[in-house]
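Below: one structure, written as structure tokens.
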Amino acid sequence: MAPPVLKDLRTIPLYLSGLSLVLLLFHAIIPETRFRIYYGRLVDTTYDAKFREKPEYREPLITRLLQLMRLPCCIALAVLGYHSMKTGGEEEGNSNLASLIFLSYSALLSLASVAGTKKWRSITSAHLSFTHFVAFCIYITRDVVPLAVEGTPADIKEGAVAWVRLALLGVTGVIIPGLIPRKYYPIDPLEPSEPADSQTASYLSWLFYDFLDPIVYTAFKNTNLQFSDLPVLADDDKAKYLARTGFPTIDPVTLGRKRSIIISLLIHYKKQYALMLLAALVQSVNEFAAPIATNRILASLEPGGENTNIKPWVWILWLGTGPIIGSMCNQIYIYLQNLNVVRVQAILTQLILVHSMRVRLSTVWDKPEESKETSPVRSESETTSTIASETTTPNTDTVSLPESSDDTTIQGSESTTLLPSSSAQSAISVDSVSVSKKDGADKADKEKAEEKKTEDYIGKINNFLTTDSHMLLLAQNWMQPAVLVLRIFFCMGLLYTILGWSALVGMGVMIICLPLPGYIGKMMMKYQRVKMKKSDGRLSAVTQMMNVLRMIKLFAWENKVEKQLAEKREEELKYILWGEMLDLLNGAMNSIFPAATMISTYATYVFVLFAGHLQRLFYLIPGVLRAKVSLERIGEFINNGELYSDLKASVTPPPESYTTDSTKLFIRDATFSWEKPGLTHSSAHSKRRNFRLQIDGELEFHTGSINLICGPTASGKTSLLMALLGEMYFQPSLPTGTFNLPREGGVAYAAQETWVLNETIRENILFGSPYDKERFDKVIYQTGLERDLKLFDAGDMTEVGEKGITLSGGQKARITLARAVYSKAQVVLLDDVLSALDVHTSQWVATKCLGGDLLKGRTVLLVTHNVLLCEPIADYVISLGQDGRIVSKGTVSEALKKNAKLRDKVKADEKAKVQAEIDGALEEEEVAGEATEAADVKKKDSGKLIVAEEMAVGHLSWEAAKLYATSLGGPLFWIVFFVGLTLGGLVAVFQKWFLGYWSSQYESRPTSEVPVGLYLGIYSAFFGAEMFFDFGVALIFTLGALGASRMIHQRLIKSILSSTLRWLDTVPISRVIARCSQDCQVVDGVLPNMLSGIFFITTHLIINFIGVIISAGWPALIPGVIVAVSGITFGQIYIKAQLPIKRHMSNSRSPVLSHVGAALHGLVSIRAYGAQAAFESESLRRIDDYSRTTRTSYNLNRWIAVRMDTLGAVFSATVAAYLVYGRDLNSGSVGFTLSLISAFSSMLLIWVRVLNEVEVEGNSIERIRDFLVIDHEPESTESGKPPAYWPASGELHVQELSAKYSADGPEVLKNITFSLKSGQRMGIVGRTGAGKSTVALALLRAIPTTGSIIYDGRDVSEVNLDVLRSHITIIPQHPELLAGTLRENLDPFGEHDDATLNDALRASGLYHTQVEGAEGGVGLDTDVTSGGTNFSQGQRQILALARAILRRSKIVILDEATAAIDHDTDHAIQESLRTEFKDTTVITVAHRLQTIMHSDKIMVLDAGEAVELDDPRSLLQRDRSFFKSLVDESSDKDALYAAAGL
């Protein structure tokens, strides 16, 4: 009787064919109905989409060819099916008929996949592939599996036909489907992007990463791999898509509530983690292939051993294929893991930037429990940037206010907390906030306060983007410990089946030992947190150092700064050492616990696998814990901070007489402060300036007109603009209090502290606006930039460099002004844009620009000291007093009547017209070191200043390797290290040999005669010796690596500090930060760990290889050599591709950091312009570039890994086959040899991979070394130290002085000669580019010079630079301040007492800027934010003067040092300076002739040459004198002549 059809597996394909036919009928109907959108989630319905018509989205030719090849195979299968039905017996009739129907239907599907329309080709191909794959598996079960168990194939009667059918099904169901490229499905069919190779790669190509072959081949042929050669980024990896889909889950603001970032990431990537878990589970089961196969092979070799029906060749085959399958699963797991890493890095980088631009950064790290009644209250910055302020905010529930319009009319608190309380539905007064209080302050709180004192938030955020972001790779291993625990239980189960109850004893020992690693892990987390804080502090210090490096060099502070950084580095290294020691202890536990378990179970089979899992578990846990710390740090950042808001609330309706029009710009009954409203300042320890801007009544600005804001220095002029922009805390002084800044027509803002992007001049002015040539040219003309652009061959396409390094201060000010004027914003806020300009340029800008047509009809708020100049164009004047209150307001004439001080100021302005009008086109003076000539002639053609980051080509250079090797230690270090490694390797091999010898004793003697105790003791001794050598070697290398980290960082900092100014001009700060953060992090941990690993593996590899040859015989040498040569070849091919990609990866990180840094420095301007979206968009583009390199780099690691694992599996199977069928060995010898083979093959492949990784990570050493071989200033020598009394006087003789900005640049000073006696004063005047500030740089030897400079009888070329610069003080126009206190800024190294510091402050005129006894006064303990942004520009200049007074140098250079100071204060300062510097030689670079008319000499420069040099009286008496013409053209000629004694 024929068997029922259902009992024959060959009928299954027939049922699948019927199901396929039904599904195809659905496909014919559903896409034409309204259910298409739902159907499209399961089946491709984009076959008729327009984008499919483009060449890059069409079906590739290879797909058509493979489908065409499959058609004859399917026809042949149908013919074979017909033949089987005709020749088969009656009992096979039904099954053969079912096969014939299935194969005939398959032929039709194949025909449709070739000749069908777009609608049918893809779906019929998929159906065909699936059904043939199932059929192939069925015939494998019928005909191949029986051969492995000494059975008979089910289709043996068919003979060759059966094997041909099986082969054809393998081709049509496995090979061709595996080779057909996958179809690309864009995430957005309306805007598809170019598909990535990984998205269209076939399944086999994806499993073996063959889609990377083109880039590997390109790199192999061309060592200089370009960024454009890299595979494109997949659309679902692009930052824009990731942000759009990830922010709703990960961003607390979008989510609407606080949540752990770890939980958010787990939720968002739950699908990927589920796939990773599935791959890990499959791998966990599959990894027992090797031990089980080895066990079965040994069992078959034992005399009288266990008989088995499975033939040894099956186990040998499994020994080869099992690891390959396991490798594929492992690579899929790691592929998904790295995919998540790249995506998480992209999302978090963008989120950090977005969060930085939407919150008050000073409130992010404030903890409610840290706010105490007695603790110092910290406020945000007072001027144009709040990015570095340090605010300790109390625990407040600042509520969200209901939004009623788009304008910024606010009542109550202007900002909302990130996570408002549940009562946030109603508006309440700010005064009602609750402030949590604690009594007293313990030591820990004081330490925290001390830590926060000099916090630099930019440094912290940089650390997030470098160190913490890099730690995310470890965070993705969070699943591995759980999977490893599962694998350990699998191992114990297998051990139990082999050994019985003794395996349970081993597990008990393991469980008892577990608490100790848990405690070690807890300690590692603790030290990692502290270490990261220390890294924050060091990186913040490096960031601040780079921001003020010019000042450091010109003040000769390099050695002191280097010492401070070394101290911070030592603190960091101390905790790195603790972490490494705990790592070593953890590693020791890794060895002890498996050994203890093994000894307690006497296991010899799968224990190596068990021990490996246990060791890997203890290895991974510390990394996961470190990554957890980094994620928590980032999570703390994004979960905290007060949001800026555009909310409007109205509690009390204002009187009818008050303005209510939302289009008006006004303030009414308001108090603005930089501190949270509601805080008291009675604490004696309060160090923050409690400045308050008080607006009583209503202040309405004139719409469509120019409104002047004037007042003395530090009266709150800038604060008024900041208040309107929402940068200050708002508190209504009356219930009717409110303010409004209409934003519908746009807002433009020009900061006093100019902010420019590292882009071209044109891009800085356009600032994202469309280019209108006519409007652009008019802006250039009106802002007086025409002549400046002519100085650059590239014109407006000239790059300005980082922080506008190629531009002078006035040029940057006018570009900032041009940006505001070019914009079409209806409200324009200008913060003292005239202060950096000379009189003539100021008059030009005031007349042509401020009074021009481009600003006509726009509401302009202009902060200025120059009331007289702006009087003709101003319609409204607001005058502020030093107490932050309005003194007068109204038209100019009304204001003059009401305000006596303002009248005096106008009179002072009239006198100030004696300022030099140097030339008809005279522009602003140059800032020291920031001259126009900084753009070399060679670079003017392209406009490029910032040079592209150099990238090494080829392998890691010998110089870089030598740098690290010599830093690790000397010859003795290496001898001890390698001797220890060799002894440890020998002991490990003897340990394995002894296990084989032990097991062989049971074959030659009775079990009772085997001395188990003795053998166990010997084995334990071997283990103890191995552990001793391994731990000792690791300890030696760890200490050497720590010393290398210290030395390399020290050399890097020293190199940067001693670099030339020219080098600083061409290298962005972000590159330096990258070297000091991510590259130093590699040197601190990744590189030494990998390097010690490669030394360990190399030693054991050589010893194991020798052991395999001795044990297995010389024939084993052949496959061993083949595998070794193949592995090294693949490794060389891999490294040729990976090295340039890794370098691109490192280089593409710097632009991301640079962009974030630029945004953080210009937060106020960005928010004012509403340009957040543009900056976010640019950030997305830069993140994509980095992700593109990172994805390629990680995928290349998978490319080499799967090939290496395949080679190892083939080698193991080959040698195992030889041992079983080619030699007559006992099971003990075979077991020992197989263990060595397994170790050798895995070690060989790991060796190649790790060696390549070492070379890749060595790129960090190469990048650091590049910064060690830069151009440096001359080092100090013993002969360059002058006598202690030098200089005794300020006598100066300059002879034939010429100077260049770079060695190959043009001369900018030409044969300058002058002499000054001690105590004399000399003024320097000249046009822009004449070389005025260059004289100062030349005197300080900051640029290459020729000629002689004799300072107090000594040629300065023979004096060490640090000595020279410490005895010449320069006061730049834009001074730099450091984060800390005022005392630390005046005296960074604690060299003076408080009385001296206070005297210097008094002499500098600081106390002229504040009302005596008023709240918010400035003192030595006043906090200074990074860059001094909580002080006005004038106050910063005053502090720079105080610093100069303290230095008591014999020569002082004033570089327009009082430009931003009001006239009264300036007059007081000049009088004070005449007293303080009465015995000092003073050189003044100035436009104001009034400033230099009392000088002993005047030098007029033109094109770098001194055209005139004499005393003012003589120059005025000389006919055709250039200086005389300047005075004669002045409106106050008589006063100038009188000042000269004529």
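Laid out as a table, the results:
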{"read-out": "Selection within region 539-554 - open to solvent by 10 Å² or more (accessible area, probe 1.4 Å) and in contact with a Lys or Arg (Cβ under 8 Å, 6 or more places away or on another chain)", "value": "Ser540, Ala541, Leu554"}
{"read-out": "Residue among Ser95, Ser20 that is in contact with a His (Cβ under 7 Å, 6 or more places away or on another chain) and not acidic (Asp, Glu)", "value": "Ser20"}
{"read-out": "Identity of the residue in region 14-41, within 30 Å of Asn94 (Cα to Cα) and of a type outside the set (A, V, I, L, M, F, W, C), that ends up most open to solvent (accessible area, probe 1.4 Å)", "value": "Tyr15"}
{"read-out": "Residue check, Pro146 within 58 Å of the chain's Cα centre (by Cα) and either in a helix (DSSP H, G or I) or closer than 29 Å to Arg58 by Cα (or both)", "value": "no"}
{"read-out": "Of all residues in region 533-575 being touching a Ser or Thr at 6+ places or on another chain (Cβ under 7 Å) and of a type in the set (A, V, I, L, M), the one that is modelled with the lowest pLDDT", "value": "Leu539"}
{"read-out": "Hits in region 1018-1042 (condition: aromatic (Phe, Trp, Tyr), farther than 14 Å from Phe977 by Cβ and open to solvent by less than 50 Å² (accessible area, probe 1.4 Å))", "value": "Tyr1019, Phe1023"}
{"read-out": "Pairs where the first residue, in region 1298-1311, is within 14 Å of Asp1502 (Cα to Cα) and part of a strand (DSSP E or B) and the second is β-branched (Val, Ile, Thr) and open to solvent by less than 20 Å² (accessible area, probe 1.4 Å), C-beta under 6 Å, 6+ apart", "value": "Val1308/Thr1334; Leu1309/Thr1334"}
{"read-out": "First in region 736-765 and closer than 17 Å to Val800 by Cα and at pLDDT below 90, second anywhere and open to solvent by 20 Å² or more (accessible area, probe 1.4 Å) and in a strand (DSSP E or B), Cβ under 6 Å, 6 or more apart", "value": "Thr760/Glu799"}
{"read-out": "Matching residues, region 106-120, being assigned to a helix (DSSP H, G or I) and open to solvent by 40 Å² or more (accessible area, probe 1.4 Å)", "value": "Leu108, Leu111, Ala115, Lys118, Trp120"}
{"read-out": "Qualifying position, being in contact with a helix residue (DSSP H, G or I) (Cβ under 7 Å, 6 or more places away or on another chain) and without any contact (Cβ under 8 Å) to a residue 24 or more places away in the chain, among Ala167, Ala162", "value": "Ala162"}
{"read-out": "Filter pass, Lys157 being modelled with pLDDT under 85 and open to solvent by 20 Å² or more (accessible area, probe 1.4 Å)", "value": "yes"}
{"read-out": "Residues that are farther than 23 Å from Tyr335 by Cα and open to solvent by less than 50 Å² (accessible area, probe 1.4 Å), drawn from region 225-246", "value": "Leu225"}
{"read-out": "Selection count, region 1173-1204, where residues are open to solvent by less than 40 Å² (accessible area, probe 1.4 Å) and among the acidic types (Asp, Glu)", "value": "1"}
{"read-out": "Residue in region 1516-1533 that is touching a Leu at 6+ places or on another chain (Cβ under 8 Å), under 30 Å from Pro1388 (Cβ atoms) and modelled with pLDDT of 80 or more present", "value": "no"}
{"read-out": "Residues of region 846-866 that turn out to be farther than 26 Å from Arg743 by Cβ and surrounded by 21 or more Cβ atoms within 10 Å (Cβ to Cβ), as a count", "value": "3"}
{"read-out": "Matching option when the condition is closer than 27 Å to Leu353 by Cα, polar (S, T, N, Q) and free of Cβ contacts under 8 Å to residues at least 60 places away in the same chain, among Ser260, Ser264, Ser205", "value": "Ser264"}
{"read-out": "Close pairs from region 549-574: first within 14 Å of Ser1058 (Cβ to Cβ), partner among the hydroxyl-bearing types (Ser, Thr, Tyr) and open to solvent by less than 50 Å² (accessible area, probe 1.4 Å), Cβ under 8 Å, at least 6 apart", "value": "Ala556/Ser1366; Glu558/Ser1058"}
{"read-out": "Residue in region 248-267 that is modelled with the highest pLDDT, counting only those that are outside any helix (DSSP H, G or I) and open to solvent by less than 60 Å² (accessible area, probe 1.4 Å)", "value": "Asp251"}
{"read-out": "Per-region count, region 1501-1515, residues open to solvent by less than 50 Å² (accessible area, probe 1.4 Å), under 18 Å from Ala1539 (Cβ atoms) and out of contact with any helix residue (DSSP H, G or I) (no Cβ under 6 Å at 6 or more places or on another chain)", "value": "4"}
{"read-out": "Failed condition for Tyr1407, given (1) over 17 Å from Gly1380 (Cβ atoms); (2) at pLDDT 80 or above", "value": "(2)"}
{"read-out": "Any hit, region 799-812, residues being closer than 28 Å to Arg1062 by Cα, free of Cβ contacts under 8 Å to residues at least 12 places away in the same chain and open to solvent by 10 Å² or more (accessible area, probe 1.4 Å)", "value": "no"}
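Residues are listed down the side, and each one gets a yes or a no for (1) in a loop (DSSP other than H, G, I, E, B); (2) open to solvent by 40 Å² or more (accessible area, probe 1.4 Å):
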{"position": "Ala723", "(1), (2)": "no, no"}
{"position": "Phe730", "(1), (2)": "no, no"}
{"position": "Leu734", "(1), (2)": "yes, yes"}
{"position": "Ala748", "(1), (2)": "no, no"}
{"position": "Asn758", "(1), (2)": "yes, yes"}
{"position": "Glu763", "(1), (2)": "no, yes"}
{"position": "Pro770", "(1), (2)": "yes, yes"}
{"position": "Lys778", "(1), (2)": "no, yes"}
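Here's the yes/no breakdown for (1) at pLDDT 90 or above; (2) within 58 Å of the chain's Cα centre (by Cα):
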{"residue": "Arg41", "(1), (2)": "no, yes"}
{"residue": "Tyr47", "(1), (2)": "no, yes"}
{"residue": "Tyr57", "(1), (2)": "no, yes"}
{"residue": "Thr63", "(1), (2)": "yes, yes"}
{"residue": "Met69", "(1), (2)": "yes, yes"}
{"residue": "Glu90", "(1), (2)": "no, no"}
{"residue": "Ser95", "(1), (2)": "no, no"}
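For every residue, the table says whether it meets (1) open to solvent by less than 40 Å² (accessible area, probe 1.4 Å); (2) at pLDDT 90 or above; (3) touching a helix residue (DSSP H, G or I) at 6+ places or on another chain (Cβ under 9 Å).
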site: Ser202; (1), (2), (3): yes, yes, yes
site: Tyr269; (1), (2), (3): yes, yes, yes
site: Leu277; (1), (2), (3): no, no, yes
site: Ile297; (1), (2), (3): yes, no, yes
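Yes or no, residue by residue, for (1) open to solvent by less than 10 Å² (accessible area, probe 1.4 Å); (2) touching a helix residue (DSSP H, G or I) at 6+ places or on another chain (Cβ under 8 Å); (3) not basic (Lys, Arg):
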{"site": "Thr1313", "(1), (2), (3)": "no, no, yes"}
{"site": "Ser1318", "(1), (2), (3)": "no, no, yes"}
{"site": "Leu1339", "(1), (2), (3)": "yes, yes, yes"}
{"site": "Pro1344", "(1), (2), (3)": "no, no, yes"}
{"site": "Arg1354", "(1), (2), (3)": "no, no, no"}
{"site": "Ser1357", "(1), (2), (3)": "no, no, yes"}
{"site": "Thr1369", "(1), (2), (3)": "yes, yes, yes"}
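The values are calculated or read from the model by the stated rules, or taken from the named source; none is laboratory data. Note that the structure is a prediction, hence the values are computed from the model and not measured. Note that each Cβ is placed from the backbone with ideal geometry, even for glycine, and that neighbours are counted across all protein chains shown. Heavy atoms of the whole protein, side chains included, go into the accessibility calculation; ligands, DNA and RNA do not. Shrake-Rupley method; radii C 1.70, N 1.55, O 1.52, S 1.80 Å.
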